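Structure incoming, see below.
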There are 4 protein chains.
Amino acid sequence: MTNTQLTLVQIDNYGPWTVTPEPRREMDLQTLQSRLFADLAQFVGSRDGYVFFTRFDNMVAVTNGLGRDDHELLQESIANRYPVTLSLGIGVDRNPAVALERATDVVQRAGSAQDHERREVLSGETLPMEDRADSDVQIAHFDVNDATGKYTDRLNEFDTFIQIEQGYASLMRHLREEHGALSFFVGGDNIISVTPDLTASQYRAAIDHVEGEAGVELKVGVGTASNAHEAGFAAKHALEDCRHRGTIVEFADAPLAADD
Amino acid sequence: MTNTQLTLVQIDNYGPWTVTPEPRREMDLQTLQSRLFADLAQFVGSRDGYVFFTRFDNMVAVTNGLGRDDHELLQESIANRYPVTLSLGIGVDRNPAVALERATDVVQRAGSAQDHERREVLSGETLPMEDRADSDVQIAHFDVNDATGKYTDRLNEFDTFIQIEQGYASLMRHLREEHGALSFFVGGDNIISVTPDLTASQYRAAIDHVEGEAGVELKVGVGTASNAHEAGFAAKHALEDCRHRGTIVEFADAPLAADD
Amino acid sequence: MTNTQLTLVQIDNYGPWTVTPEPRREMDLQTLQSRLFADLAQFVGSRDGYVFFTRFDNMVAVTNGLGRDDHELLQESIANRYPVTLSLGIGVDRNPAVALERATDVVQRAGSAQDHERREVLSGETLPMEDRADSDVQIAHFDVNDATGKYTDRLNEFDTFIQIEQGYASLMRHLREEHGALSFFVGGDNIISVTPDLTASQYRAAIDHVEGEAGVELKVGVGTASNAHEAGFAAKHALEDCRHRGTIVEFADAPLAADD
Amino acid sequence: MTNTQLTLVQIDNYGPWTVTPEPRREMDLQTLQSRLFADLAQFVGSRDGYVFFTRFDNMVAVTNGLGRDDHELLQESIANRYPVTLSLGIGVDRNPAVALERATDVVQRAGSAQDHERREVLSGETLPMEDRADSDVQIAHFDVNDATGKYTDRLNEFDTFIQIEQGYASLMRHLREEHGALSFFVGGDNIISVTPDLTASQYRAAIDHVEGEAGVELKVGVGTASNAHEAGFAAKHALEDCRHRGTIVEFADAPLAADD
């Protein structure tokens, strides 16, 4: 059974900071947001977690394997190198949406995102070492069938983009409402979802729903492990199996070998 | 009248590269994508253009003010510092969607995004210096009314995110279909659109449409200038006017002073 | 007694790469070198090690606390994100110079730095967990007395720089020849040395030597711990003690508290 | 005749910032310093200038081609994205050391580097467009003969490093005292000097001096142009000529073609 540890990463007082004393150059804000996300991706990723850019001022991370000390260090390092600081809320639950509920809640109770006095909250429960298991994290990696042939090489880029967005919007809502799974667009034609234990037929139903609602055809590889990196890596390999076998849902066969 | 110069930025052969010889760690791909975008934001932004991350392997830039030499230098600099290369297609038209059509077309005609032999296309027309005017670029900067109070401080982050996404998906489709305007989510609760000449009532209609279709309330500041930075900066100031006056559509009053 | 684990980080085939097929823009090489170093500083630093930029194509890291798996992950992550790859040689010895000898040797035996076939060597012994002790790493943090008053606010920047360089060149040679200690300029007027167990009078002798040979007055804070971060942090605090007490050699009093 | 425009880049109040309220993690400071330098290298480099990391809190840039507006934009962009700000002093003179004297002087007169009230000085004269000429900037690019064979593949890295440093220290002092030329180690076994008009025999004398004083054998390629990038690029090509012809001093033959 899944047991997802999620961390909400929220930049403190960001809205006001971006316009005080005057609005800042937009491309500088884009640069700061992207590089902050990249640093989180490296810190969390090298500890076998995943981070999703989400809204950039609010980001969601799968942090099974990161303890409170890791979160403290991350907060300290960002404060040393950026003109902004981060609040971190951590939550654990068998269902990802509930875990995020908890993570968001501990930050909200400490104060508003725009409370200029609320800085560097670090709160919530991590999953204890002894309670961890190989079934804790399920990751589903979706991509669009033949996106390059159908869209990228044929439509102008914005119309391709609209298609991908419609597919994403449909999948994100369906998986959230039906299962409490959280889905994130990660570039290209790829969407990664953090799910509870879902079956092949539940994935097929999600794919059918998206095709019906948005006209976009997806396929998916699914992996499970004690952390996001290993689960996601298994999911990527399973997605390659879809490509080679011409199938639309594949589960990784075996746990990853030690060096994956 | 607007006269938009858009550049399509496409990473060459990216899909195959990410899985050859084996799939790569997802957080390393996220880091590479974000830092590449950040570098583009700095290069284009310091020349008064805008870049939008879009799908990360395909990005859209408003490049009024950047000539062919600038595009060549950007391509060379990225090739010197990254394990991937870029193809750049440039297009100009009074309507942004048509400009992007042209930009995409010159890249597509050179070869598929996954043609492993197609590398570093640089093609298309730039807007000549002598044809530039203060009315060339119209930028509309939307944000969600009281996003912090209604969503960020109340819902869990994913449900806030779903709301923002639904609002974005609705706005992007409406503005594209009605006007050929291109809209991009840029973080937080902000959406920036590159538009043809639109009127206050056309913006009000777009805002009404989004409220009706997605239940999300937007407001917008609009600016016009010879380049994206100045138009966008004026739009940001106009958005501050919305905040102070309690209005939902504001146009920047005067051209920016020389030091903005 | 100190027991230093050092890693030599060497970019594979870099000299030829920088001029093939043609020389590359110098500022792009500077950017790549600096950002690669910064990524190493984050990866190693967040695991409580230190990295010194040294010659940028060859860098020296104090890696007590990093195992072989950490080194593999670092190599993989850099290969995923940069147009170059790294070879890593690890060595352990009670004397830093000997440890670096070992680290360099395992890389040299695998092939020349400009052997275009030699890629991603990963070789050498790490210090086993069970053999680690709080006395393993001694760090000495030197700075120039009143650099701002004597130099920065009075001379032109290059003449200030020449003074700092002469002081550095003198200290690096003295500590290496006398003790096998390795010294690195880290910016401003700061030099950090990785030393074997040295006494206060040995540090005073080094400071006298540099004053006599180069006319530059140094002071030093010294710390010892099981890893470079904690030893170096204690050394920084000891240096603050020098500032407050007007002394020129201070040792950190006690082991760091858990939250340093 | 050369006419060098140099900019001194100084981080405001950096010493105090690094220890307030407490000393900061050294690897975070190294990361911030390196990434700040990398951003300057991109901004200045894409405008055909050069930046040298020098002491990281004080950096020297060759800015022929950058006007006051460019300097203002650089300052603004850094202030938007970093937790520190920059003061910039600009100086022009036929002799580089004098130009740097002027650049440093205008910053010093505004206040101490550690005056916590002095922020974002922007002062000094730029070289007017109409006064620019192809002879304005002379760049000499030195490297060590067969560094890989003599040092990198044979000695431990620190002893190789000591050799390179001794060679650098000797060259920097000789060229500064004899000619007012400013020399900067740029990684590997490379040193770049910004010089007044020097002749082949003056370069041979410098090379002889370094061999005599430090036992390190250098060779050099020299280029001249209206800006640092073109001069330096020509110097790199001239250095390749040294390699192919077995000579130790080469001047670039002709001005660079437009697409260099």
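Where a number appears in this text, it was derived from the coordinates with a stated rule and is not lab data. Just so we're clear, the structure is a prediction, and the values are computed from it rather than from any experiment. Note that we place each Cβ from the backbone using ideal geometry, even for glycine, and neighbour counts take in every protein chain shown.
Work out the length of the dipole vector of the protein assembly as shown about its Cα centre, built from +1 on the beta-carbon of each Lys and Arg and -1 on the beta-carbon of each Asp and Glu, and round it to the nearest 20 debye.
0
Quick check on the exposure proxy: order D:HIS244, B:HIS179, A:HIS229, B:HIS116 from fewest to most C-beta atoms within 10 angstrom. If you can, show how the numbers build up before the last one.
Values: D:HIS244 8, B:HIS179 18, A:HIS229 26, B:HIS116 12.
Placing the least packed residue first, the sequence is D:HIS244, B:HIS116, B:HIS179, A:HIS229.
Taking the Cα atoms only, what angle lies between the long axis of helix A:228-245 and the longest principal axis of chain A, rounded to 10 degrees?
Helix A:228-245 sits roughly 20 degrees off the main axis of chain A.
Oh, and also: Amide H of B:ASN13: which non-local residues (sequence gap of 5 or more, or other chain) have their own amide H closer than 5 Å, using H built in the peptide plane?
Close amide H contacts, sequence-distant or interchain: B:ASP115.
Here's something else I'd like to know. If you add up the charges near C:GLU157, with Lys and Arg at +1 and Asp and Glu at -1, over every other residue whose beta carbon is less than 13 angstrom from its beta carbon, what do you get?
Values: positive: C:ARG154, D:ARG55, D:ARG102, D:ARG176; negative: C:ASP153, C:ASP159, C:GLU165, C:ASP189, D:ASP57, D:GLU101, D:ASP105.
Around C:GLU157, the surrounding residues sum to -3.
Here's something else I'd like to know. Once the label point is placed 7 Å from Cα along Cβ, list for C:ARG119 the distances to the corresponding points in the other copies, in nm, shortest first.
For C:ARG119, the inter-copy label distances come out at 1.4, 4.7, 4.9 nm.
So which lysines pass the test for D:LYS150, namely a Cα distance under 17 Å, with those fewer than 8 places away in the same chain ruled out?
The qualifying lysines are D:LYS219.
Measure nothing but the geometry: give the 0 to 90° angle between the long axis through the Cα atoms of A:96-110 and the longest principal axis through the Cα atoms of chain A, rounded to 10°.
10
Ok, one more. Which angle between 0 and 90 degrees, to the nearest 10, do you get for helix D:26-45 versus the longest principal axis of chain D when only C-alpha atoms count?
Once rounded, one gets 70 degrees.
Which of B:ARG68, B:ARG24, D:ARG118, B:ARG55 has the fewest other C-beta atoms within 10 Å, and how do the rest follow up to the most?
Numbers: B:ARG68 14, B:ARG24 20, D:ARG118 17, B:ARG55 24.
Listing B:ARG68, B:ARG24, D:ARG118, B:ARG55 from fewest to most nearby Cβ atoms yields B:ARG68, D:ARG118, B:ARG24, B:ARG55.
Sticking with this structure for a sec: Let me check against my output: what whole-number percent is the relative contact order of chain C, with C-alpha pairs under 8 Å and at least 6 apart?
Normalised by residue count, the contact order of chain C is 21 percent.
When Cβ neighbours within 10 Å are restricted to other protein chains, what is their mean count per residue of peptide A:146-157?
For this peptide, the per-residue mean of nearby foreign Cβ atoms is 6.
Mind sorting B:ARG176, B:ARG243 by how few other Cβ atoms lie within 10 Å of their own Cβ, fewest first?
The order, fewest Cβ neighbours first, is B:ARG243, B:ARG176.
If Rh is defined by the Kirkwood formula over all Cα pairs and Rg also comes from Cα, what ratio Rg/Rh do you get for segment D:137-251?
0.95
Then there is this: Dipole magnitude of segment B:137-251 about its Cα centre, charges +1 at Lys/Arg Cβ and -1 at Asp/Glu Cβ only, in debye to the nearest 20?
The dipole of segment B:137-251 has a size of about 160 debye.
Nearest the rotation axis from B to D, which residue of chain B has its beta carbon, and at what whole-angstrom distance?
Rotation axis B onto D, closest Cβ, rounded to whole Å: B:GLN42, 3.
A follow-up question, please. Please give the net charge around B:GLU101, taking every other residue with its beta carbon less than 11 angstrom from that of B:GLU101, where Lys and Arg add +1 and Asp and Glu add -1.
My count for the surroundings of B:GLU101 gives -3.
So what is log10(I(q)/I(0)) for the protein assembly as shown at q = 0.05 1/Å, when the Debye sum runs over its Cα atoms only?
-0.30
Tell me which of B:ILE139, B:SER193, B:PHE158 sits at the most positive position along the dipole axis of segment B:137-251, charges placed on C-beta atoms (Lys, Arg +1; Asp, Glu -1).
Value computed over the given set: B:ILE139.
If Rh is defined by the Kirkwood formula over all Cα pairs and Rg also comes from Cα, what ratio Rg/Rh do you get for segment D:17-79?
1.04
For D:HIS244 and A:ASP241, what does the FRET efficiency come to when R0 = 41 Å and r is the distance between their Cβ atoms, rounded to the nearest 0.05?
The calculated FRET efficiency here is 0.20.
Quantify how strongly other chains surround peptide D:12-25 by giving the mean number of their Cβ atoms within 10 Å of each of its Cβ atoms.
For peptide D:12-25, the averaged partner shielding equals 4.
Looking at segment B:12-122 from every direction and averaging, what is the projected area of its Cα convex hull in nm²?
It is 6.9 nm².
How far is B:THR20 from the same spot in each other copy, in nm, shortest first, if each label point sits 7 Å from Cα toward Cβ?
Its label point is 1.9, 5.1, 5.4 nm from the equivalent points in the other copies.
Taking the Cα centre of chain B as origin and charging only Cβ (+1 Lys, Arg; -1 Asp, Glu), how large is the dipole, in debye to the nearest 20? Provide the component values of the computation, followed by the final result.
Working: 22 positive and 43 negative charges, 77 e Å.
Value, rounded to 20: 360 debye.
While we're here: Which of rounded, prolate, oblate describes chain B, given a ≥ b ≥ c as roots of the alpha-carbon gyration tensor eigenvalues and a/c under 1.5 marking rounded, otherwise prolate only if a/b is larger than b/c?
It is oblate, given that a/c is not under 1.5 and a/b is not larger than b/c.
Moving to a separate point now. Find every distance from the label point of D:ARG68 to the corresponding label point in the other copies (7 Å from Cα along Cα→Cβ) and write them in nm, one decimal, shortest first.
3.5, 5.6, 6.3
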